[in-house]
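A.B. asks: Structure provided below as structure tokens; questions to follow.
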Amino acid sequence: MTTNPELTAARAAVPEIKAAEERLQAAKQLLADAPPAEDPHAARDAVLDEAADAFMADKPWPKDVSKRAAKAFDEAEAAGLELQARRRAVSRAEWAQYEALDAHKEDVLARLGDRLSELLSDARSAFTALRGANSAEAAIDAGEDAVAAWTRLRGIVQSVGELRAAQWEAIRGPRAPGEALSGEMPGAKWRRQGFGHVQHTHPDDVPADVRPALRDMSGRVSLAYVRWLATCDDAYVPASLDELEGDVAVLTVPAGMEDWEDISPREYPALKGRPGDVYPHSRAPHPDASQPAPLPPKPTAPHPDGEPTTIDYFN
């Protein structure tokens, strides 16, 4: 389970993921509520040892020792099977959650994109209410509305940072149950370079005080970053890893290749065919020798000089 509130909310907005996560929580609660299980052999041996100890203490031999030992074994075995069944339910629910997260990660990214639009709209309103104040002290001097706007902005900055961290986790995709985190996650290189924040803008072209937030791997952002992002019409959350890769490719064309001819595949209309030429020496197909030979076809073209060769038929 994630601790990122923005990612949690985005996943909860996807019905399939929400259902899978609720099922997993129910399975974990079932496991937590399972009665304690004892090893069946240990439970049986405890009854047998009790009878032997009584005999050694000169007490009467219990007549039902075998029944009680068998009952203790059966009850302990049943409790163990119950525990196994509940563990299996948790395992199945974990895999179901993984499959839901993997199948609907683009839906999660779309929800995060909608959320980013909401946060930036709130940020624009707050910056307007600040009336140019750039600090808490300046906001106090500007009046109560500016103080309230400053307080809202602090929350917006935190939420935007959490959203950007959620964005990269969603792009990476879920880890399968039991899978260790190994290697570099998808998109990590582009994240370090500052891509994935604004379309059609290279990270090297943004203001210097914003660049550190673009390349911060912890997800922390600054007020300057939110102020700049609120002015960008192309601020976005990538819809998928493929879209991010395409955006990066457009912005990182190698020097000298900008004017190269586009050689990407093109679709052209099919050419209308024409019937083949029929020469005076042509003969109609005669696959069945038991039947009379068909009449020669009507020539449509004169034969070139010389005897016909194989090349004549293929040119």
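A.B. asks: Note the angle between two axes, namely the Cα long axis of helix 241-251 and the longest principal axis of the Cα atoms of the chain, as a number of degrees from 0 to 90, rounded to the nearest 10.
C.D. replies: Around 50 degrees separate the two axes.
A.B. asks: To make sure I understand the rule: partners must be aspartates and glutamates, Cα under 15 Å from the Cα of K59, and not fewer than 8 residues away in the same chain. Which ones qualify?
C.D. replies: Here the aspartates and glutamates satisfying the reach criterion relative to K59 are D49, E50.
A.B. asks: Further, regarding this structure: Compute the semi-axes of the equivalent ellipsoid of segment 33-97, taking the square root of 5 times each eigenvalue of the Cα gyration tensor, and list them largest first in whole Å.
C.D. replies: Working through the eigenvalues yields semi-axes of 37, 9, 6 Å.
A.B. asks: Oh, and also: Note the angle between two axes, namely the Cα long axis of helix 105-130 and the longest principal axis of the Cα atoms of the chain, as a number of degrees from 0 to 90, rounded to the nearest 10.
C.D. replies: For 105-130 against the chain, the angle is about 80 degrees.
A.B. asks: For segment 1-108, what's the relative contact order in percent, using C-alpha pairs closer than 8 Å and at least 6 residues apart?
C.D. replies: 44
A.B. asks: Give, in nm to one decimal, the length gained when the segment between T300 and K18 is fully stretched (0.36 nm per residue of separation minus the Cα-Cα distance).
C.D. replies: 94.2 nm
A.B. asks: Could you tell me the distance between the Cα centroids of segment 105-159 and segment 10-74, to the nearest Å?
C.D. replies: Taking the Cα centre of segment 10-74 as reference, the centre of segment 105-159 is 55 Å away.
A.B. asks: Heavy-atom accessible area of E77 with all protein chains present, probe 1.4 Å, nearest 10 Å²?
C.D. replies: 80
A.B. asks: While we're on this one: Starting from 0 in steps of 10 Å, tell me what percent of the Cα-Cα pairs of segment 70-123 lands in each bin.
C.D. replies: 21, 21, 19, 16, 12, 8, 3, 0
A.B. asks: With an 8 Å Cα cut-off and a minimum separation of 6 or more residues, compute the relative contact order for the chain in percent.
C.D. replies: 16
A.B. asks: Which label marks the calculated value of percent of Cα pairs over 38 Å apart, given the options (i) 24; (ii) 54; (iii) 8?
C.D. replies: Among (i) 24; (ii) 54; (iii) 8, the one calculated here is (ii).
A.B. asks: Mind checking the full-extension length gain between S91 and S121? Use 0.36 nm per residue of separation minus the Cα-Cα distance, one decimal, nm.
C.D. replies: Using 0.36 nm per residue and subtracting the Cα-Cα distance, I get 6.6 nm.
A.B. asks: Ok, one more. Return the carbon/sulfur percentage of the accessible area of segment 1-131, one whole number, probe 1.4 Å, all protein chains in place.
C.D. replies: Carbon-and-sulfur percentage of accessible area, whole number: 52.
A.B. asks: With each label point set 7 Å from Cα along the Cα-Cβ vector, what nm distance links V250 and D233?
C.D. replies: 1.4
A.B. asks: Something else about it: Just to be sure I understand the model, the point goes 7 Å from the Cα along the line to the Cβ. What's the resulting R283 to E99 distance in nm?
C.D. replies: Simple spin-label model gives 6.5 nm for this pair.
A.B. asks: Once the piece of chain linking A26 and D49 is laid out straight, how much longer is it, given 0.36 nm per residue of separation minus the C-alpha distance between them?
C.D. replies: 4.3 nm
A.B. asks: Using just the helices of the chain, give the 222 nm mean residue ellipticity in deg cm²/dmol: DSSP H runs with n ≥ 4 each add -39,500 (n - 2.57), and the total is spread over all residues, rounded to 500.
C.D. replies: -18500 deg cm²/dmol
The values are calculated or read from the model by the stated rules, or taken from the named source; none is laboratory data. All figures in this text were calculated on a predicted structure; none of them were measured in a lab. Positions of Cβ are generated from backbone atoms using ideal geometry, with glycine treated the same way; all protein chains shown enter the neighbour counts. Just the protein is used for accessible areas: all its heavy atoms, side chains included, with ligands, DNA and RNA removed. Shrake-Rupley method; radii C 1.70, N 1.55, O 1.52, S 1.80 Å.
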